[in-house]
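The values are calculated or read from the model by the stated rules, or taken from the named source; none is laboratory data. No experiment lies behind these values; they were computed from the predicted model shown. Glycine gets a Cβ as well: all are built from the backbone with ideal geometry, and neighbour counts include every protein chain shown. Areas reflect the complete protein model, heavy atoms only, side chains present, ligands, DNA and RNA absent. Shrake-Rupley method; radii C 1.70, N 1.55, O 1.52, S 1.80 Å.
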Amino acid sequence: MSEQVSSRGTWSGRLGFILAAAGSAVGLGNLWKFPYITYENGGGAFVLVYLGAIVLVGLPVMMAEILLGRRAERNPVGAFRVLSQGKAGARLWPGVGMLGVISGFVILSYYSVVAGWTVRYIGLAVSGRLETLAAHPKELEAFFREFLSSGTQQVLFHTLFMGATVGIVILGVQKGIERATKVLMPLLFVILLVLVGYSVTTPGFGEAIAFLFRPNFGQLTRGAVLEALGHSFFTLSLGMGAMLTYGSYMRRDNSILKASAVITFLDTLIAIMACIVMFSVIKSFDFEVTKSAVILFTTLPTVFIQLPGGSLVSALFYLLVAFAALTSTISLLEVVSSFAIDELGWGRRRASLTMGAAIWVFGVLSAVSLGANETLSGINLIGRSSTEGVFGTLDYLASNWFLPVGGFFIALFAGWSLGRRESQETLEEGHGPMAVYSFWRFLVRFVAPLAIGAIIVSVILGVEYN
Ligand code: PHE
(Lines give C-alpha, C1' and ligand atoms only; values in the text may rest on other atoms or scores of the structure.)
Protein backbone atom coordinates (compact mmCIF):
# COMPACT_ATOMS: atom_id res chain seq x y z
CA MET A 1 0.00 0.00 0.00
CA SER A 2 2.89 2.37 0.71
CA GLU A 3 3.86 2.51 -2.94
CA GLN A 4 0.37 3.59 -3.80
CA VAL A 5 0.48 6.29 -1.15
CA SER A 6 3.45 8.02 -2.64
CA SER A 7 2.03 8.09 -6.15
CA ARG A 8 -1.29 9.45 -4.94
CA GLY A 9 0.28 12.46 -3.22
CA THR A 10 -0.57 14.15 0.07
CA TRP A 11 -1.29 17.69 1.16
CA SER A 12 1.84 19.68 1.81
CA GLY A 13 1.31 20.49 5.45
CA ARG A 14 -1.14 20.76 8.28
CA LEU A 15 -2.81 23.75 6.72
CA GLY A 16 -3.06 22.09 3.31
CA PHE A 17 -5.82 19.71 4.26
CA ILE A 18 -7.87 22.26 6.16
CA LEU A 19 -7.69 24.76 3.32
CA ALA A 20 -8.64 22.26 0.67
CA ALA A 21 -11.45 20.71 2.71
CA ALA A 22 -12.78 24.12 3.73
CA GLY A 23 -12.54 25.12 0.07
CA SER A 24 -14.67 22.13 -0.81
CA ALA A 25 -17.21 22.89 1.89
CA VAL A 26 -17.54 26.63 1.30
CA GLY A 27 -19.15 27.25 -2.03
CA LEU A 28 -22.43 27.89 -3.76
CA GLY A 29 -24.10 25.88 -1.02
CA ASN A 30 -23.35 28.68 1.43
CA LEU A 31 -23.75 31.71 -0.80
CA TRP A 32 -26.38 30.71 -3.32
CA LYS A 33 -28.36 27.86 -1.86
CA PHE A 34 -28.56 28.34 1.89
CA PRO A 35 -30.00 31.87 1.72
CA TYR A 36 -32.72 30.90 -0.72
CA ILE A 37 -33.83 27.68 0.94
CA THR A 38 -33.85 29.50 4.29
CA TYR A 39 -36.02 32.15 2.69
CA GLU A 40 -38.36 29.58 1.15
CA ASN A 41 -38.68 27.68 4.40
CA GLY A 42 -39.51 30.69 6.53
CA GLY A 43 -36.25 31.26 8.44
CA GLY A 44 -35.90 30.63 12.21
CA ALA A 45 -37.13 27.08 12.72
CA PHE A 46 -35.47 25.89 9.54
CA VAL A 47 -32.17 27.46 10.58
CA LEU A 48 -32.39 25.81 13.98
CA VAL A 49 -32.97 22.36 12.49
CA TYR A 50 -30.10 23.00 10.11
CA LEU A 51 -27.76 23.98 12.97
CA GLY A 52 -28.83 20.93 14.95
CA ALA A 53 -28.15 18.72 11.95
CA ILE A 54 -24.72 20.28 11.48
CA VAL A 55 -23.63 19.63 15.07
CA LEU A 56 -25.25 16.26 15.77
CA VAL A 57 -24.99 14.66 12.35
CA GLY A 58 -22.70 16.68 10.08
CA LEU A 59 -19.70 17.04 12.35
CA PRO A 60 -19.54 13.38 13.45
CA VAL A 61 -20.14 12.16 9.89
CA MET A 62 -17.38 14.43 8.63
CA MET A 63 -14.98 12.87 11.13
CA ALA A 64 -16.16 9.44 10.05
CA GLU A 65 -15.53 10.20 6.38
CA ILE A 66 -12.07 11.62 6.91
CA LEU A 67 -11.24 8.68 9.15
CA LEU A 68 -12.30 6.16 6.49
CA GLY A 69 -10.31 7.98 3.84
CA ARG A 70 -7.17 8.28 5.87
CA ARG A 71 -7.30 4.66 7.00
CA ALA A 72 -7.83 3.29 3.51
CA GLU A 73 -5.91 5.84 1.44
CA ARG A 74 -8.32 5.20 -1.40
CA ASN A 75 -11.24 6.62 -3.31
CA PRO A 76 -14.70 5.96 -1.80
CA VAL A 77 -15.31 2.65 -3.60
CA GLY A 78 -11.84 1.30 -2.83
CA ALA A 79 -12.00 2.53 0.74
CA PHE A 80 -15.17 0.62 1.49
CA ARG A 81 -13.77 -2.45 -0.24
CA VAL A 82 -10.52 -2.47 1.71
CA LEU A 83 -12.01 -1.55 5.06
CA SER A 84 -14.89 -4.04 4.90
CA GLN A 85 -12.67 -7.00 4.05
CA GLY A 86 -13.55 -9.97 6.21
CA LYS A 87 -16.51 -8.13 7.73
CA ALA A 88 -20.24 -8.63 7.37
CA GLY A 89 -21.59 -7.38 4.05
CA ALA A 90 -18.13 -7.00 2.51
CA ARG A 91 -19.61 -7.35 -0.97
CA LEU A 92 -22.22 -4.65 -0.45
CA TRP A 93 -20.26 -1.85 1.22
CA PRO A 94 -18.42 -0.70 -1.93
CA GLY A 95 -21.90 0.12 -3.24
CA VAL A 96 -22.01 3.01 -0.75
CA GLY A 97 -18.84 4.37 -2.33
CA MET A 98 -20.38 3.91 -5.75
CA LEU A 99 -23.47 5.87 -4.73
CA GLY A 100 -21.05 8.61 -3.68
CA VAL A 101 -19.28 8.63 -7.02
CA ILE A 102 -22.63 8.85 -8.80
CA SER A 103 -23.72 11.69 -6.49
CA GLY A 104 -20.51 13.55 -7.28
CA PHE A 105 -21.17 13.11 -10.99
CA VAL A 106 -24.74 14.39 -10.71
CA ILE A 107 -24.03 17.31 -8.37
CA LEU A 108 -21.12 18.58 -10.43
CA SER A 109 -23.23 18.53 -13.60
CA TYR A 110 -25.69 21.19 -12.41
CA TYR A 111 -23.40 22.92 -9.89
CA SER A 112 -21.17 23.93 -12.75
CA VAL A 113 -24.12 25.66 -14.41
CA VAL A 114 -24.72 27.91 -11.38
CA ALA A 115 -20.99 28.47 -11.08
CA GLY A 116 -21.15 29.70 -14.68
CA TRP A 117 -23.62 32.41 -13.63
CA THR A 118 -20.98 33.88 -11.33
CA VAL A 119 -18.58 34.11 -14.27
CA ARG A 120 -21.20 36.00 -16.27
CA TYR A 121 -21.62 38.37 -13.34
CA ILE A 122 -17.93 39.15 -13.12
CA GLY A 123 -18.13 40.45 -16.68
CA LEU A 124 -21.34 42.29 -15.96
CA ALA A 125 -19.80 44.04 -12.97
CA VAL A 126 -16.55 44.91 -14.71
CA SER A 127 -18.39 46.50 -17.61
CA GLY A 128 -20.39 48.64 -15.18
CA ARG A 129 -23.65 47.27 -16.50
CA LEU A 130 -24.52 45.52 -13.27
CA GLU A 131 -24.62 48.88 -11.50
CA THR A 132 -27.05 50.30 -14.02
CA LEU A 133 -29.26 47.24 -13.89
CA ALA A 134 -29.21 47.02 -10.09
CA ALA A 135 -30.56 50.54 -9.81
CA HIS A 136 -33.85 49.10 -11.10
CA PRO A 137 -34.41 45.69 -9.53
CA LYS A 138 -37.09 44.84 -12.08
CA GLU A 139 -34.65 45.31 -14.92
CA LEU A 140 -32.03 43.16 -13.25
CA GLU A 141 -34.61 40.45 -12.80
CA ALA A 142 -35.67 40.64 -16.41
CA PHE A 143 -32.06 40.49 -17.47
CA PHE A 144 -31.48 37.44 -15.36
CA ARG A 145 -34.56 35.65 -16.61
CA GLU A 146 -33.43 36.19 -20.16
CA PHE A 147 -29.95 34.98 -19.33
CA LEU A 148 -31.35 31.78 -17.81
CA SER A 149 -33.45 31.01 -20.83
CA SER A 150 -30.64 31.51 -23.30
CA GLY A 151 -29.42 27.99 -23.95
CA THR A 152 -26.31 29.21 -25.74
CA GLN A 153 -25.16 31.36 -22.84
CA GLN A 154 -25.97 28.73 -20.24
CA VAL A 155 -23.98 26.10 -22.11
CA LEU A 156 -21.14 28.52 -22.77
CA PHE A 157 -20.56 29.43 -19.12
CA HIS A 158 -21.08 25.85 -17.97
CA THR A 159 -18.38 24.86 -20.47
CA LEU A 160 -15.96 27.50 -19.20
CA PHE A 161 -16.40 26.34 -15.67
CA MET A 162 -16.04 22.65 -16.37
CA GLY A 163 -12.94 23.44 -18.41
CA ALA A 164 -11.32 25.27 -15.50
CA THR A 165 -12.23 22.46 -13.11
CA VAL A 166 -10.76 19.75 -15.32
CA GLY A 167 -7.60 21.78 -15.87
CA ILE A 168 -6.94 22.10 -12.16
CA VAL A 169 -7.73 18.49 -11.32
CA ILE A 170 -5.24 17.36 -13.99
CA LEU A 171 -2.49 19.32 -12.22
CA GLY A 172 -3.02 17.13 -9.19
CA VAL A 173 -3.45 17.40 -5.50
CA GLN A 174 -0.88 19.89 -4.32
CA LYS A 175 -0.05 22.14 -7.19
CA GLY A 176 -3.55 22.71 -8.39
CA ILE A 177 -5.90 22.55 -5.49
CA GLU A 178 -3.94 23.88 -2.60
CA ARG A 179 -2.12 26.88 -3.89
CA ALA A 180 -5.00 29.07 -4.95
CA THR A 181 -7.11 28.39 -1.89
CA LYS A 182 -4.61 29.98 0.48
CA VAL A 183 -5.11 33.50 -0.83
CA LEU A 184 -8.65 33.66 -2.04
CA MET A 185 -10.56 32.03 0.80
CA PRO A 186 -9.48 34.58 3.40
CA LEU A 187 -10.27 37.31 0.92
CA LEU A 188 -13.82 36.05 0.50
CA PHE A 189 -14.20 36.12 4.24
CA VAL A 190 -13.00 39.71 4.44
CA ILE A 191 -15.36 40.95 1.78
CA LEU A 192 -18.27 39.18 3.45
CA LEU A 193 -17.31 40.89 6.71
CA VAL A 194 -17.43 44.25 4.98
CA LEU A 195 -20.89 43.44 3.61
CA VAL A 196 -22.11 42.36 7.04
CA GLY A 197 -20.72 45.61 8.42
CA TYR A 198 -22.76 47.47 5.86
CA SER A 199 -25.94 45.53 6.54
CA VAL A 200 -25.77 46.39 10.24
CA THR A 201 -26.37 49.99 9.19
CA THR A 202 -29.46 49.21 7.12
CA PRO A 203 -32.96 49.60 8.59
CA GLY A 204 -33.88 45.98 7.88
CA PHE A 205 -31.01 44.47 9.85
CA GLY A 206 -33.02 43.82 13.02
CA GLU A 207 -35.83 42.21 11.08
CA ALA A 208 -33.35 40.06 9.19
CA ILE A 209 -31.85 38.77 12.43
CA ALA A 210 -35.30 38.05 13.83
CA PHE A 211 -36.25 36.20 10.65
CA LEU A 212 -33.12 34.08 10.89
CA PHE A 213 -33.08 33.30 14.57
CA ARG A 214 -36.63 33.51 15.91
CA PRO A 215 -38.07 30.06 15.29
CA ASN A 216 -41.68 29.54 14.36
CA PHE A 217 -42.20 25.82 14.54
CA GLY A 218 -45.72 26.07 13.24
CA GLN A 219 -44.26 26.59 9.78
CA LEU A 220 -41.92 23.65 9.81
CA THR A 221 -42.94 20.92 7.38
CA ARG A 222 -41.43 17.46 7.00
CA GLY A 223 -40.12 18.54 3.61
CA ALA A 224 -38.30 21.43 5.30
CA VAL A 225 -36.74 19.15 7.89
CA LEU A 226 -35.48 16.81 5.17
CA GLU A 227 -34.17 19.81 3.27
CA ALA A 228 -32.34 21.14 6.33
CA LEU A 229 -30.76 17.73 6.87
CA GLY A 230 -29.89 17.33 3.19
CA HIS A 231 -28.40 20.78 3.10
CA SER A 232 -26.23 20.11 6.12
CA PHE A 233 -24.66 17.33 4.05
CA PHE A 234 -24.48 19.37 0.88
CA THR A 235 -22.84 22.37 2.49
CA LEU A 236 -20.23 20.29 4.33
CA SER A 237 -19.54 18.18 1.21
CA LEU A 238 -20.65 15.04 3.04
CA GLY A 239 -22.42 11.84 2.17
CA MET A 240 -20.69 11.21 -1.16
CA GLY A 241 -17.05 10.68 -0.32
CA ALA A 242 -15.57 14.10 -1.03
CA MET A 243 -14.24 14.42 2.52
CA LEU A 244 -13.30 10.75 2.40
CA THR A 245 -11.23 11.33 -0.73
CA TYR A 246 -9.60 14.46 0.67
CA GLY A 247 -8.95 12.58 3.91
CA SER A 248 -7.09 9.96 1.90
CA TYR A 249 -4.47 12.61 1.10
CA MET A 250 -4.29 13.83 4.69
CA ARG A 251 -1.08 13.48 6.61
CA ARG A 252 -1.14 11.37 9.73
CA ASP A 253 0.10 14.13 11.99
CA ASN A 254 -3.12 16.11 11.51
CA SER A 255 -5.93 15.88 14.04
CA ILE A 256 -9.16 14.80 12.36
CA LEU A 257 -11.25 16.24 15.18
CA LYS A 258 -9.66 19.68 15.06
CA ALA A 259 -9.75 19.89 11.28
CA SER A 260 -13.41 18.86 11.18
CA ALA A 261 -14.37 21.34 13.87
CA VAL A 262 -12.63 24.22 12.09
CA ILE A 263 -14.16 23.39 8.70
CA THR A 264 -17.64 22.99 10.12
CA PHE A 265 -17.42 26.23 12.06
CA LEU A 266 -16.14 28.28 9.11
CA ASP A 267 -18.68 26.84 6.73
CA THR A 268 -21.58 27.60 9.04
CA LEU A 269 -20.31 31.08 9.81
CA ILE A 270 -20.06 31.97 6.13
CA ALA A 271 -23.55 30.67 5.40
CA ILE A 272 -25.04 32.72 8.25
CA MET A 273 -23.12 35.83 7.19
CA ALA A 274 -24.45 35.48 3.65
CA CYS A 275 -27.99 35.26 5.01
CA ILE A 276 -27.58 38.31 7.19
CA VAL A 277 -26.45 40.39 4.22
CA MET A 278 -29.14 39.19 1.83
CA PHE A 279 -32.06 39.32 4.26
CA SER A 280 -31.07 42.79 5.44
CA VAL A 281 -31.44 43.97 1.86
CA ILE A 282 -34.73 42.18 1.37
CA LYS A 283 -36.17 43.63 4.58
CA SER A 284 -34.71 47.11 4.14
CA PHE A 285 -35.83 47.82 0.63
CA ASP A 286 -39.12 45.95 0.64
CA PHE A 287 -37.62 43.73 -1.92
CA GLU A 288 -40.01 41.62 -3.89
CA VAL A 289 -38.52 38.17 -4.24
CA THR A 290 -40.28 36.50 -7.13
CA LYS A 291 -37.86 33.66 -7.62
CA SER A 292 -35.97 32.88 -4.46
CA ALA A 293 -33.45 30.60 -6.14
CA VAL A 294 -31.66 33.60 -7.58
CA ILE A 295 -31.40 35.93 -4.56
CA LEU A 296 -27.62 35.91 -4.91
CA PHE A 297 -27.94 37.26 -8.42
CA THR A 298 -30.95 39.58 -8.26
CA THR A 299 -31.13 40.87 -4.67
CA LEU A 300 -27.53 41.15 -3.61
CA PRO A 301 -26.39 43.57 -6.35
CA THR A 302 -28.67 46.15 -4.72
CA VAL A 303 -26.20 46.25 -1.84
CA PHE A 304 -23.26 46.87 -4.06
CA ILE A 305 -24.64 50.00 -5.64
CA GLN A 306 -25.01 51.51 -2.18
CA LEU A 307 -21.31 51.08 -1.52
CA PRO A 308 -18.55 53.36 -2.75
CA GLY A 309 -16.85 51.77 -5.76
CA GLY A 310 -19.85 49.50 -6.25
CA SER A 311 -18.77 48.08 -9.60
CA LEU A 312 -15.37 47.20 -8.29
CA VAL A 313 -16.68 45.63 -5.10
CA SER A 314 -19.23 43.57 -6.98
CA ALA A 315 -16.67 42.43 -9.55
CA LEU A 316 -14.38 41.31 -6.76
CA PHE A 317 -17.23 39.66 -4.90
CA TYR A 318 -18.45 37.57 -7.84
CA LEU A 319 -14.86 36.67 -8.62
CA LEU A 320 -14.48 35.30 -5.12
CA VAL A 321 -17.79 33.46 -5.33
CA ALA A 322 -16.61 31.93 -8.60
CA PHE A 323 -13.45 30.89 -6.85
CA ALA A 324 -15.31 29.42 -3.89
CA ALA A 325 -17.37 27.44 -6.39
CA LEU A 326 -14.22 26.29 -8.16
CA THR A 327 -12.68 24.86 -5.00
CA SER A 328 -15.93 22.90 -4.58
CA THR A 329 -16.19 21.67 -8.18
CA ILE A 330 -12.58 20.50 -7.95
CA SER A 331 -13.46 18.29 -5.00
CA LEU A 332 -16.50 16.91 -6.81
CA LEU A 333 -14.47 15.98 -9.87
CA GLU A 334 -11.68 14.66 -7.66
CA VAL A 335 -14.05 12.03 -6.22
CA VAL A 336 -15.06 10.80 -9.66
CA SER A 337 -11.50 10.95 -11.03
CA SER A 338 -9.85 9.25 -8.06
CA PHE A 339 -12.35 6.44 -8.54
CA ALA A 340 -11.23 6.05 -12.16
CA ILE A 341 -7.55 6.33 -11.19
CA ASP A 342 -7.62 3.80 -8.34
CA GLU A 343 -10.30 1.40 -9.53
CA LEU A 344 -10.04 1.49 -13.31
CA GLY A 345 -6.30 2.05 -13.36
CA TRP A 346 -6.49 5.20 -15.52
CA GLY A 347 -3.89 7.94 -15.43
CA ARG A 348 -4.87 11.22 -13.75
CA ARG A 349 -5.06 13.10 -17.02
CA ARG A 350 -7.22 10.54 -18.75
CA ALA A 351 -9.49 10.17 -15.74
CA SER A 352 -10.07 13.89 -15.31
CA LEU A 353 -10.59 14.56 -19.01
CA THR A 354 -12.92 11.64 -19.67
CA MET A 355 -15.01 12.02 -16.54
CA GLY A 356 -15.04 15.81 -16.93
CA ALA A 357 -16.31 15.46 -20.48
CA ALA A 358 -19.06 13.03 -19.46
CA ILE A 359 -20.17 15.32 -16.65
CA TRP A 360 -20.14 18.27 -19.03
CA VAL A 361 -22.45 16.47 -21.46
CA PHE A 362 -24.83 15.54 -18.67
CA GLY A 363 -24.70 19.12 -17.37
CA VAL A 364 -25.89 20.47 -20.72
CA LEU A 365 -29.29 18.95 -19.89
CA SER A 366 -29.46 21.13 -16.78
CA ALA A 367 -28.12 24.17 -18.61
CA VAL A 368 -30.95 24.11 -21.15
CA SER A 369 -33.62 23.26 -18.58
CA LEU A 370 -33.80 26.81 -17.22
CA GLY A 371 -36.12 27.98 -19.93
CA ALA A 372 -34.32 27.22 -23.19
CA ASN A 373 -35.81 23.78 -23.74
CA GLU A 374 -39.48 23.52 -22.88
CA THR A 375 -39.65 19.79 -22.24
CA LEU A 376 -36.60 19.70 -20.00
CA SER A 377 -37.66 22.87 -18.18
CA GLY A 378 -41.15 21.52 -17.54
CA ILE A 379 -40.22 18.52 -15.40
CA ASN A 380 -41.08 19.02 -11.72
CA LEU A 381 -41.31 16.21 -9.17
CA ILE A 382 -42.63 18.04 -6.15
CA GLY A 383 -44.03 21.16 -7.73
CA ARG A 384 -41.91 23.82 -6.04
CA SER A 385 -40.43 26.62 -8.10
CA SER A 386 -36.92 25.62 -7.08
CA THR A 387 -37.41 21.99 -8.13
CA GLU A 388 -38.28 22.95 -11.70
CA GLY A 389 -36.61 21.39 -14.69
CA VAL A 390 -33.84 18.82 -14.96
CA PHE A 391 -31.75 21.30 -12.99
CA GLY A 392 -34.11 21.58 -10.02
CA THR A 393 -34.91 17.87 -10.09
CA LEU A 394 -31.29 16.78 -9.90
CA ASP A 395 -30.56 19.24 -7.11
CA TYR A 396 -33.59 18.02 -5.19
CA LEU A 397 -32.73 14.34 -5.61
CA ALA A 398 -29.02 14.64 -4.92
CA SER A 399 -29.19 16.95 -1.90
CA ASN A 400 -32.28 15.60 -0.21
CA TRP A 401 -31.96 11.90 -0.99
CA PHE A 402 -28.56 10.74 -2.23
CA LEU A 403 -26.45 12.59 0.34
CA PRO A 404 -28.49 11.74 3.46
CA VAL A 405 -28.70 8.08 2.36
CA GLY A 406 -24.94 8.06 1.74
CA GLY A 407 -24.35 9.71 5.12
CA PHE A 408 -26.57 7.14 6.81
CA PHE A 409 -24.43 4.27 5.55
CA ILE A 410 -21.15 6.05 6.22
CA ALA A 411 -22.21 6.54 9.85
CA LEU A 412 -23.33 2.91 10.13
CA PHE A 413 -20.07 1.67 8.68
CA ALA A 414 -17.83 3.83 10.86
CA GLY A 415 -19.89 3.14 13.97
CA TRP A 416 -20.72 -0.53 13.61
CA SER A 417 -18.44 -2.21 11.06
CA LEU A 418 -15.23 -0.60 12.21
CA GLY A 419 -14.24 -1.81 15.62
CA ARG A 420 -13.66 0.53 18.52
CA ARG A 421 -9.92 -0.08 18.30
CA GLU A 422 -9.74 0.71 14.60
CA SER A 423 -11.62 3.99 14.69
CA GLN A 424 -10.00 5.16 17.90
CA GLU A 425 -6.55 4.47 16.53
CA THR A 426 -7.07 6.60 13.42
CA LEU A 427 -8.84 9.42 15.21
CA GLU A 428 -6.12 9.69 17.83
CA GLU A 429 -3.32 9.70 15.28
CA GLY A 430 -2.03 13.25 15.18
CA HIS A 431 -4.30 14.16 18.06
CA GLY A 432 -3.37 12.15 21.11
CA PRO A 433 -5.88 10.68 23.57
CA MET A 434 -9.28 11.98 22.59
CA ALA A 435 -11.59 12.81 25.46
CA VAL A 436 -14.66 12.99 23.25
CA TYR A 437 -13.99 9.72 21.43
CA SER A 438 -16.82 7.81 23.14
CA PHE A 439 -19.18 10.68 22.51
CA TRP A 440 -18.27 10.66 18.82
CA ARG A 441 -18.83 6.92 18.68
CA PHE A 442 -22.22 7.32 20.29
CA LEU A 443 -23.17 9.96 17.73
CA VAL A 444 -22.20 7.87 14.68
CA ARG A 445 -23.62 4.65 16.08
CA PHE A 446 -26.97 5.94 17.25
CA VAL A 447 -27.78 9.61 16.86
CA ALA A 448 -26.80 10.14 13.21
CA PRO A 449 -28.35 6.97 11.72
CA LEU A 450 -31.51 7.27 13.81
CA ALA A 451 -32.00 10.94 12.98
CA ILE A 452 -31.40 10.44 9.26
CA GLY A 453 -33.53 7.28 9.24
CA ALA A 454 -36.41 8.90 11.11
CA ILE A 455 -36.50 11.93 8.83
CA ILE A 456 -36.38 9.84 5.66
CA VAL A 457 -39.07 7.46 6.90
CA SER A 458 -41.32 10.32 7.98
CA VAL A 459 -41.07 11.88 4.52
CA ILE A 460 -41.75 8.59 2.76
CA LEU A 461 -44.77 7.89 4.95
CA GLY A 462 -45.97 11.47 4.62
CA VAL A 463 -46.08 12.18 8.37
CA GLU A 464 -46.52 15.87 9.23
CA TYR A 465 -44.83 17.08 12.41
CA ASN A 466 -47.49 19.51 13.47
N1 PHE B 1 -20.11 21.91 -0.15
C2 PHE B 1 -20.21 22.52 -1.44
C3 PHE B 1 -20.97 23.82 -1.29
O4 PHE B 1 -21.55 24.10 -0.26
C5 PHE B 1 -20.88 21.62 -2.45
C6 PHE B 1 -20.35 20.22 -2.46
C7 PHE B 1 -21.18 19.16 -2.15
C8 PHE B 1 -19.02 19.98 -2.75
C9 PHE B 1 -20.71 17.88 -2.13
C10 PHE B 1 -18.52 18.69 -2.72
C11 PHE B 1 -19.36 17.64 -2.40
O12 PHE B 1 -21.04 24.59 -2.19
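What to note about this one:
- Tilt relative to the chain, helix 44-53 - C-alpha long axis, 0 to 90 degrees, to 10: 20
- Point-to-point label distance, E207-A358, nm (Cα→Cβ direction, 7 Å offset): 5.0
- Overall form of the chain per C-alpha gyration tensor (a/c, 1.5; a/b vs b/c): prolate
- Relative protection proxy for 162-171, 371-380, 232-241, 312-321, from highest mean packing down: 232-241, 312-321, 162-171, 371-380 (other beta-carbon atoms within 10 angstrom).
- For K291, a cut-off of 23 angstrom between C-alpha atoms picks up these lysines, skipping any fewer than 8 places away in its own chain: K33, K138, K283.
- Dividing the C-alpha radius of gyration of region 314-463 by 2.2 N^0.38 Å, with N its residue count, gives 1.37.
- Packing here is the average count of other Cβ atoms within 10 Å per residue, and on that basis the peptides 286-297, 213-224, highest first, run 286-297, 213-224.
- Loop-resident sites, region 72-163, for trypsin sites (Lys or Arg not before Pro), counting at most 15 other Cβ within 10 Å (DSSP): K87, R91
- Solvent-accessible surface of region 3-460, taken per residue with a 1.4 Å probe and all protein chains present: 36 Å².
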